[in-house]
Amino acid sequence: MLKVKGVKKSYKKGGLFSTERQEVLKDVSFECENGVCLGIIGESGSGKSTLGRLMLGIEKPDHGSILFNGKEVENREVRLGNISAVFQDYKSSINPFFTVEEAIMEPLIIKNKNKKENQSKIDQLLYRVGLNPSYRNKYPHELSGGEAQRVGIARAISAEPTCLLLDEAISSLDISVQTQVLNLLKELKNIYNMSFIFITHDIQAAAYICDRVIIFKDGKIEEIVEIEQLKNVQSDYAKQLLQSLITF
Ligand SMILES: Nc1ncnc2c1ncn2[C@@H]1O[C@H](COP(=O)(O)OP(=O)(O)OP(=O)(O)O)[C@@H](O)[C@H]1O
Ligand SMILES: [Mg+2]
């Protein structure tokens, strides 16, 4: 269970000597139970990625707390093996000198020092994300964007985290690969009972994979809606956001 309680975050605005601050997150609270896929949608600059970074413990909130199974995610031990993430451009965020095998091995070795066991696990993981075992010796520059993203997902799930945060993780992929990755995530959710935090601009993708969606605006939660109720959102902003999707 992930619990976000009264979280506030601001950044310094303007130049080095400026004292003005921009409030990016304004008292955000919500929960995500185990095994649930929670979408976060909202316009650019509304604070979604900032919220994501706080949930990963990369940054600390100014106020409030973020708890994973009752413990602060700020503590590395709480996150280790429990919470992992995939960002938009996996290719630029991995070490260019690491092969696919080395990239996936890195989080695995923390949990289990047995190299042989880990190697057979890498084969299984590559299979899971639809990549041939021969990919284990490739370097990032030898992968297509979609392949690199799938390696990113394999790495993120290798230690079987209970919670996976995806920040625009599939946005750069073409539709067929997006569908493939979304189906893979659905499958993983069933196998490992994982929970997902799915940050996206793509309401259609969110509707496909999420159980519940947070509509985020200007650093605040505008509305939280169960996916079956997406058609019946209340706030004007949410209605506007969803209007583009006539198919609903
Ligand atoms: N480290 C930082 N220092 C200063 N300002 C920041 C920092 N990180 C984010 N911001 C500001 O906080 C606001 C929210 O940014 P954030 O990246 O969280 O938005 P977002 O909802 O993820 O947008 P997008 O959909 O474009 O990815 C923006 O105005 C941004 O400029
Ligand atoms: Mg963002």
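Annotations for the structure displayed:
- When Thr99 is tested against (1) surrounded by 13 or more Cβ atoms within 10 Å (Cβ to Cβ); (2) in contact with a strand residue (DSSP E or B) (Cβ under 9 Å, 6 or more places away or on another chain); (3) of a type in the set (Val, Ile, Thr), only condition (2) is not met.
- Test: residue in segment 118-128 that is within 16 Å of ligand 2 (Cβ to nearest atom), within 27 Å of Glu142 (Cβ to Cβ) and either outside any loop (DSSP other than H, G, I, E, B) or open to solvent by 60 Å² or more (accessible area, probe 1.4 Å) (or both): no
- Residues in segment 167-223 that are open to solvent by less than 10 Å² (accessible area, probe 1.4 Å) and of a type outside the set (A, V, I, L, M): Ser195, Phe196, Phe198, Thr200, Cys210, Phe216, Gly219.
- Output for segment 167-197, where each listed residue is more than 13 Å from ligand 1 (Cβ to nearest atom), not aliphatic (A, V, I, L, M) and not in a loop (DSSP other than H, G, I, E, B): Ser176, Gln178, Thr179, Gln180, Asn183, Lys186, Glu187, Lys189, Asn190, Tyr192, Ser195, Phe196
- Single match in Tyr127, Tyr139, Tyr135 (criterion: among the hydroxyl-bearing types (Ser, Thr, Tyr) and touching a residue at least 40 places away in the same chain (Cβ under 8 Å)): Tyr139
- Residue that is farthest from Lys220 (Cα to Cα) [pool: residues in segment 14-70 that are of a type in the set (A, V, I, L, M) and part of a loop (DSSP other than H, G, I, E, B)]: Leu16
- Test result for Ile83, within 16 Å of ligand 1 (Cβ to nearest atom), of a type in the set (Val, Ile, Thr), closer than 19 Å to Arg212 by Cβ and open to solvent by less than 80 Å² (accessible area, probe 1.4 Å): no
- The residue that is most open to solvent (accessible area, probe 1.4 Å), counting only those in segment 102-115 that are at pLDDT below 85 and under 22 Å from the mean Cα position of the chain (by Cα), is Lys111.
The values are calculated or read from the model by the stated rules, or taken from the named source; none is laboratory data. Note that the structure is a prediction, hence the values are computed from the model and not measured. Note that we place each Cβ from the backbone using ideal geometry, even for glycine, and neighbour counts take in every protein chain shown. Note: accessible area is taken over every heavy atom of the protein model, side chains too, but ligands, DNA and RNA are not part of it. Shrake-Rupley method; radii C 1.70, N 1.55, O 1.52, S 1.80 Å.
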